[in-house]
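Here the structure comes first, spelled out in structure tokens, and everything after it is commentary.
The values are calculated or read from the model by the stated rules, or taken from the named source; none is laboratory data. Because the structure is predicted, anything quoted here is derived from the model rather than measured. Every residue, glycine as well, gets a Cβ built from its backbone with ideal geometry; the counts of neighbours run over all protein chains shown.
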Amino acid sequence: MDPRIDLIIDNLKEVFDPEIPVNIYDLGLVYSVDMEGDEAKILMTLTAPNCPAADMILADVEYMTKKVEGVETCKVEITFEPAWEKSMMSEEARLELGFM
């Protein structure tokens, strides 16, 4: 596995939905992180299709991804298949939000 992927994931843990006090990675919104040459490819979802913070979150994802050395471009693809649900959250996120 490309070592930049772990660095990207670490950076994505700094991106938050402004309405939820848990990062997008632990929320389970990031489905995959891949590298092709110097391009990062992020497949992710949002908590809701009409998320009012979508543009800000996507800009933050691109910014934090491109902070990793050797990443020149970032392609973020949004999908709603499968639809996000609370079970996709990490144990830490569920605990933080009181779901455990």
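Some notes on this structure:
- Single residue of GLU19, GLU81, GLU77, GLU91 found to be exposed (fewer than 12 other Cβ atoms within 10 Å of the Cβ), more than 18 Å from PRO3 (Cα to Cα) and within 12 Å of the chain's Cα centre (by Cα): GLU77
- Residues of region 51-100 that are under 18 Å from ILE8 (Cα atoms), among the hydrophobic types (A, V, I, L, M, F, W, C) and in contact with a helix residue (DSSP H, G or I) (Cβ under 7 Å, 6 or more places away or on another chain): VAL61, MET64, VAL68, VAL71, CYS74, VAL76.
For every residue, the table says whether it meets (1) modelled with pLDDT of 95 or more; (2) more than 17 Å from VAL22 (Cα to Cα); (3) in contact with a strand residue (DSSP E or B) (Cβ under 7 Å, 6 or more places away or on another chain).
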site	(1), (2), (3)
LEU43	yes, yes, yes
ALA48	no, no, no
LEU58	yes, no, yes
VAL61	yes, no, yes
MET64	yes, no, no
LYS67	yes, yes, no
GLY70	yes, yes, no
THR79	yes, yes, yes
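- Only listed residue being surrounded by 13 or more Cβ atoms within 10 Å (Cβ to Cβ), farther than 22 Å from GLU96 by Cα, in contact (Cβ under 8 Å) with a residue 40 or more places away in the chain and out of contact with any Leu (no Cβ under 6 Å at 6 or more places or on another chain), chosen from LEU58, LEU7: LEU7
- Flag if MET100 is aliphatic (A, V, I, L, M) and not in a loop (DSSP other than H, G, I, E, B): no
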